[in-house]
Amino acid sequence: MMHFILLGILAAGSVFTAFAQDTAGTGNIRGSVRYVGGAPAEGVKACLEGTERCAVSGPDGTFQITDLRPGVYRLTFGAMTSGGIEVRAGLDARVDIDMPRVEAVSQSVTVSEPVFVAPTEIKTSAYITPGREIFQNAGALQDVSRFVQTLPGVAIGADDFRNDIIVRGGSPLENLFIVDNIEVPNINTFANFGSAGGTVGILDSALIEDTSFLTGGYPAPFINRTSSVLQITQREGDRENFHGRVTLGFAGVGTILEGPIKKGKGSWVISARRSFLDLFTKDLGFGGVPKTYTFNGKALYDLTPKDRIWVASLAAVDSIRLGATQDGKNDEEINNLDIRYSGWRNATGFNWQRLYGSKGVGLLGVTYSTASVDQNVRDLVRNGVPPANVNVDQLIASSPLVFSENSREGEATVKYDLTLYGAVMGKLQAGGSYKRFQIRYNTASPLGSDSPYSLIREVNPVNLQRNFGANQNGAYVQATRNFGSRLNLTWGGRIDQYSYLDSARFSPRAGLNFRLTEKLSWRASFGSYFQQPNFLFLAAFPQNRGAIPFRADHYVTGLNYALSPTVRVSVEVYRKNYKDYPVASQFPALSLANLGDTFNIRDLLFPLTSAGRGRAQGIEVFVEKRLTSKLYAQANFSQSSAKQAGLDGVLRPAAFDYRRIFNVTGGYRFNDKWELATRISYLGGRPFTPFNLAESTAQRRGIFDLDRVNAERLKDYARLDVRVDRVLTAWGKPLRVFAGAQNILGRENIASFIWNRRTNAVQVNEQIGVFPIIGLDWRF
């Protein structure tokens, strides 16, 4: 007889519910065997039921069974068999086993429910989020990027209408997105080629199994990003039965369908969503209504006991019109423009996983992603402020076209990752990738930019019409090994070649974990990371081709402590040193590191040189309470400093230097029918550059006071979000309905100060006010 209890006990030095890289598509079972009373049980043989896969516990009572496909497994200990132990891709399922001694009368074994922890190569700055917490979070609007904004060291961009991710003071352009082993350039709708954010995510959070977020010191398999890695694993479909869901929320109304492929051999699941506000109105107050269609899908099939294949795809189509209307007030700066945007993007990947028994696993991935943007911007006050009674349609037709784009980017990737295990070498990982980019730009800014950094109007006109290809190749090797019972080391590196820049770079990576006590561990990591600037920036002007990959060196160290079976506390300090960052060659104070959280690509196109430098440093405290029967929550506080320098070499507060960030998010289950979720966010005032009032008034446009670049700060940002869920029954099936509000207290947060050319005065650009949350989820 076996008793199963939820202990949630941590192994010595393990990270509680942290996630890791998924370069194999498999997970592991890591166990700690102890006699009742706490003494380590050496020599205990644990086997997977129905297989010959076994492991024997060492002197400290620990064992590991590696490279298991996602699913539910049972362990056998002699004649006794455990209950199901779930294994997830890229995670170690940590279980604790209490064994009776031979002389004991009772022959029962106690095995804890699995606690998902990081594989040993992940040392610092890793966080896992189950898909359920994203779907039911009070302020995330069922968007994974908005949820990630609540994690340690992460901030929003300039505007909370967007979902940019700002990690430890870095630009939103510095983040890598991976979905089911597919590298995706941008996982958001209403995205453009000069940013990594948008308004809402393409991914349906109801399909998300887990997400992992690595914010510093991440290991060698990851390529071409200098701030973070966000990995998303979509769940499998049901292998036994067909069923579905209907959902409604901020991203629109949609349906999920799923079912088996040859029962027990595979499954499929698809999600399709459409925004619906355009069915009720043509104007939400800014001249139009966003229209989006999104699609997610995943199919998986077991060819043999050793071979598994899966295909995953995500796609979005979106369009919007912004600007002046005949019946509108037209006193906002946005109404001085007429903006027409349409876009689509898709990423699809095929993966083949091969198990080599207990020796290792290989994963082949082939991916193709493409994105297209078509937009036109007309300036309605370029020729002077129009009279109040002007016909808006005629005004639009007669106004100059200041920006147009009909461009496409495509990226094909072939990569292979191999993981091997040995008694001497420990865990060895190696892999390589080949990327082929195919670019078509038709981008024009015929009148140039009225940059606020320039006293001269209409600088840097663009007429970019180019078709070209480029390659990026990379390879890595990494080893992880125990040295004694307390110390674990990971070391390795990767080399990347960037054909467009005619450059190659080597990136060393290293990390350690030292177990101080049964519950306390010290961890540290180091890595050099390189990134190529976006192709659009490089192609806009001939001199930009001379840029080189910019660099960030990460130094991270910290402590992890298991406060109780379901609570952990971590403290980390970090430092990031930037070098060779792209900066403006004309405007000495302007660095690309301070940009990227905007839809206004026109002002991001200027001549560049790789002469920038910067640094970010801080301390982060993280407390996490995992879900038991009632309560789940996390809280974090960050104190940091981020500075960037332009061509003049002067280190100034970076645009994303919030100094202090505090987040609390979580929920409480009153019973099976009622649940409450809340989120509290606080950010210190963001730096901004005040206007030169005399010059701005004289030229009727915003011109910065260049003696005070980022010298002032907005007032602090604060927000309370609340959501209440109620589970009902409809047609015999569970129906979840929810309601609440973002910024429920109506605090007036400021996004920025802008210069309104119609009124010729400074205007406050406010963040989102009270924003209703309402939706449903019906399963059938």
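Taking segment 699-723 as the range and being buried (at least 16 other Cβ atoms within 10 Å of the Cβ) and not in a loop (DSSP other than H, G, I, E, B) as the test, the residues that pass are Gln699, Phe704, Tyr717, Arg719, Leu720, Asp721, Val722, Arg723. Tell me yes or no: at least one residue of segment 216-225 is under 27 Å from Gly25 (Cβ atoms), in contact with a helix residue (DSSP H, G or I) (Cβ under 7 Å, 6 or more places away or on another chain) and open to solvent by 10 Å² or more (accessible area, probe 1.4 Å). Yes, segment 216-225 contains at least one residue that is under 27 Å from Gly25 (Cβ atoms), in contact with a helix residue (DSSP H, G or I) (Cβ under 7 Å, 6 or more places away or on another chain) and open to solvent by 10 Å² or more (accessible area, probe 1.4 Å).
In segment 56-84, the qualifying residues are those that are more than 36 Å from the chain's Cα centre (by Cα) and among the β-branched types (Val, Ile, Thr), and the one that is nearest to Ala39 (Cα to Cα) is Val56. Number of residues in segment 509-559 that are of a type in the set (D, E, K, R) and buried (at least 18 other Cβ atoms within 10 Å of the Cβ): the value is 5. With respect to Gly197, determine if the residue is crowded, with 24+ Cβ neighbours inside 10 Å, more than 26 Å from Leu257 (Cβ to Cβ) and at pLDDT 90 or above. So Gly197 fails the test.
Just one of (1) touching a helix residue (DSSP H, G or I) at 6+ places or on another chain (Cβ under 7 Å); (2) hydrophobic (A, V, I, L, M, F, W, C); (3) open to solvent by 20 Å² or more (accessible area, probe 1.4 Å) fails for Val424. It is (1).
Among the residues of this structure, Gly169 counts as one that is closer than 21 Å to Asp657 by Cα, in contact with a Lys or Arg (Cβ under 9 Å, 6 or more places away or on another chain), buried (at least 24 other Cβ atoms within 10 Å of the Cβ) and touching a residue at least 12 places away in the same chain (Cβ under 8 Å). So, Ser407, is that one outside any loop (DSSP other than H, G, I, E, B) and either under 28 Å from Gln586 (Cα atoms) or among the acidic types (Asp, Glu) (or both) or not? Yes. Taking the criterion of being touching a Lys or Arg at 6+ places or on another chain (Cβ under 8 Å) and under 23 Å from Asn335 (Cα atoms), the residues of segment 262-290 that qualify are Asp278, Gly287, Gly288, Val289.
In this structure, Gly323 does satisfy being out of contact with any Lys or Arg (no Cβ under 7 Å at 6 or more places or on another chain) and open to solvent by less than 40 Å² (accessible area, probe 1.4 Å). Right, Gly349: among the small types (Gly, Ala, Ser), at negative phi, crowded, with 19+ Cβ neighbours inside 10 Å and touching a residue at least 12 places away in the same chain (Cβ under 8 Å) or not? The answer is yes for Gly349. Cβ-Cβ distances below 9 Å connect the following pairs, each with a first residue in segment 230-258 that is without any contact (Cβ under 8 Å) to a residue 60 or more places away in the chain and of a type in the set (S, T, N, Q), a second residue that is in a loop (DSSP other than H, G, I, E, B) and surrounded by fewer than 21 Cβ atoms within 10 Å (Cβ to Cβ), and a separation of six or more residues or different chains: Asn241/Lys263.
Does Gln586 fit the bill of being farther than 22 Å from Tyr500 by Cα and more than 23 Å from the chain's Cα centre (by Cα)? Yes.
Could you check, for segment 79-98, whether at least one of its residues is aliphatic (A, V, I, L, M), buried (at least 16 other Cβ atoms within 10 Å of the Cβ), at pLDDT 85 or above and more than 30 Å from Phe250 (Cβ to Cβ)? No, there is no match, as no residue in segment 79-98 is aliphatic (A, V, I, L, M), buried (at least 16 other Cβ atoms within 10 Å of the Cβ), at pLDDT 85 or above and more than 30 Å from Phe250 (Cβ to Cβ).
Checked against (1) assigned to a loop (DSSP other than H, G, I, E, B); (2) of a type outside the set (Gly, Ala, Ser); (3) in contact (Cβ under 8 Å) with a residue 24 or more places away in the chain, Val269 meets all criteria but (1). Residue by residue through segment 464-507, note down the ones that are assigned to a loop (DSSP other than H, G, I, E, B) and under 29 Å from Ser372 (Cα atoms). Matches in segment 464-507: Ser499, Tyr500, Leu501, Asp502.
Residue check: is Arg382 in contact (Cβ under 8 Å) with a residue 40 or more places away in the chain and of a type outside the set (Phe, Trp, Tyr)? Against the criterion (in contact (Cβ under 8 Å) with a residue 40 or more places away in the chain and of a type outside the set (Phe, Trp, Tyr)), Arg382 qualifies. Report yes if Ser228 is surrounded by 16 or more Cβ atoms within 10 Å (Cβ to Cβ) and touching an Asp or Glu at 6+ places or on another chain (Cβ under 6 Å), otherwise no. Spelling it out, it is not the case that Ser228 is surrounded by 16 or more Cβ atoms within 10 Å (Cβ to Cβ) and touching an Asp or Glu at 6+ places or on another chain (Cβ under 6 Å).
Residue-wise test of (1) at negative phi; (2) open to solvent by less than 50 Å² (accessible area, probe 1.4 Å).
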residue	(1), (2)
Arg736	yes, yes
Asn743	no, yes
Asn760	no, yes
Glu766	yes, no
Gly769	yes, yes
Ile774	yes, no
Asp777	yes, yes
Phe780	yes, no
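Yes/no matrix, rows are residues, columns are (1) buried (at least 16 other Cβ atoms within 10 Å of the Cβ); (2) part of a strand (DSSP E or B); (3) β-branched (Val, Ile, Thr); (4) at pLDDT below 95:
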position	(1), (2), (3), (4)
Thr370	yes, yes, yes, no
Phe403	yes, yes, no, no
Val414	no, yes, yes, no
Leu418	yes, yes, no, no
Phe437	yes, yes, no, no
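Out of everything in segment 303-320 that is crowded, with 18+ Cβ neighbours inside 10 Å and free of Cβ contacts under 8 Å to residues at least 40 places away in the same chain, what residue ends up being nearest to Gly252 (Cα to Cα)? Ranking the qualifying residues of segment 303-320, first place goes to Ser319.
Find the residue count for segment 540-563, including only residues that are in contact with a strand residue (DSSP E or B) (Cβ under 6 Å, 6 or more places away or on another chain) and either of a type in the set (Phe, Trp, Tyr) or closer than 17 Å to Asp502 by Cα (or both).
Qualifying residue count for the region: 8.
Among the conditions (1) within 30 Å of Thr66 (Cα to Cα); (2) open to solvent by less than 20 Å² (accessible area, probe 1.4 Å); (3) out of contact with any His (no Cβ under 7 Å at 6 or more places or on another chain); (4) at pLDDT 95 or above, the only one that Glu258 does not satisfy is (3). No other residue among Lys298, Lys359 is open to solvent by 10 Å² or more (accessible area, probe 1.4 Å), among the basic types (Lys, Arg) and modelled with pLDDT under 95 apart from Lys359. The selection criterion, being surrounded by fewer than 19 Cβ atoms within 10 Å (Cβ to Cβ), among the basic types (Lys, Arg) and closer than 30 Å to Leu447 by Cβ, does not hold for Arg378.
The values are calculated or read from the model by the stated rules, or taken from the named source; none is laboratory data. Computed from a predicted model, the values in this text were never measured in an experiment. Heads up, the Cβs are rebuilt from the backbone with ideal geometry, glycines too, and the neighbour counts pull from every protein chain shown. The protein model used for the area step is the full one, side chains on, heavy atoms only, and it has no ligands, DNA or RNA in it. Shrake-Rupley method; radii C 1.70, N 1.55, O 1.52, S 1.80 Å.
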